[in-house]
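I have placed the structure first, in the form of structure tokens, so that the comments after it can refer back to it.
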Amino acid sequence: MNNIGTFARNLITTRPELSNQEMVDLVKAEFPKAQTTLACIAWYKSDINKKKKSGLLVEAAPVERTLEVIQAELEAAKLRVTELEGELEVKKQASREEKLAQLEKLKQELGLE
């Protein structure tokens, strides 16, 4: 793969089971400076479908999963786990703060302060 578009299109055609977010993560793992978004993946998918319908694009045989592709998937998965862990911590902290606020309100209502 020599560019982001080719890499993304290859993912779309060879790994259709991946979500758009997983594809974005894989593109960014392979091309760390890429500014690829969910909208980009959606555009590539739409473009591929339009070209298939118009006959400008013929289904290619699946590309062999190379070490590079597998490594990129692994890096993307690690990145996603890190993102999810951060999101989980934020949610936990917000939940704690909300429960503490509810507890303080309840204490006031019960005259326990």
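Condition check: in a loop (DSSP other than H, G, I, E, B), closer than 30 Å to Ala8 by Cα and modelled with pLDDT under 90. Does Glu64 satisfy that?
Working: in a loop (DSSP other than H, G, I, E, B): yes; closer than 30 Å to Ala8 by Cα: yes; modelled with pLDDT under 90: yes.
When the stated conditions are applied, Glu64 passes them.
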Run Lys33 past the list (1) of a type in the set (Lys, Arg); (2) more than 17 Å from Phe7 (Cβ to Cβ); (3) surrounded by fewer than 11 Cβ atoms within 10 Å (Cβ to Cβ) and report the number of the one that doesn't hold. (2)
If you scan the stretch 28-53, which residues turn out to be in a helix (DSSP H, G or I) and of a type in the set (A, V, I, L, M)? Ala29, Leu38, Ala39, Ile41, Ala42, Ile48
Which residues, taken from the stretch 22-47, are over 10 Å from Ala72 (Cα atoms) and small (Gly, Ala, Ser)? Ala34, Ala39, Ala42, Ser46
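Please determine whether any residue of the stretch 49-66 is among the β-branched types (Val, Ile, Thr) and in contact (Cβ under 8 Å) with a residue 40 or more places away in the chain. Before you say what the answer is, go through the steps one by one.
Going through the stretch 49-66, the residues among the β-branched types (Val, Ile, Thr) turn out to be 58, 63, 66.
Now restrict to residues that are in contact (Cβ under 8 Å) with a residue 40 or more places away in the chain: 63.
The answer is yes; a qualifying residue exists.
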Condition check for Glu89: loosely packed, with under 12 Cβ neighbours inside 10 Å and either part of a helix (DSSP H, G or I) or touching a His at 6+ places or on another chain (Cβ under 9 Å) (or both): yes
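Residues being part of a helix (DSSP H, G or I) and buried (at least 16 other Cβ atoms within 10 Å of the Cβ): count how many of those fall in the stretch 15-27. Even if it seems obvious, please write down each step before you answer.
First pass over the stretch 15-27, keeping only residues part of a helix (DSSP H, G or I): 20-27.
Applying the additional criterion that residues be buried (at least 16 other Cβ atoms within 10 Å of the Cβ) yields 20, 22-27.
Total meeting the criteria: 7.
The values are calculated or read from the model by the stated rules, or taken from the named source; none is laboratory data. These numbers come from a predicted model, not from an experiment. We place every Cβ from the backbone using ideal geometry, glycine too, and count neighbours over all the protein chains shown.
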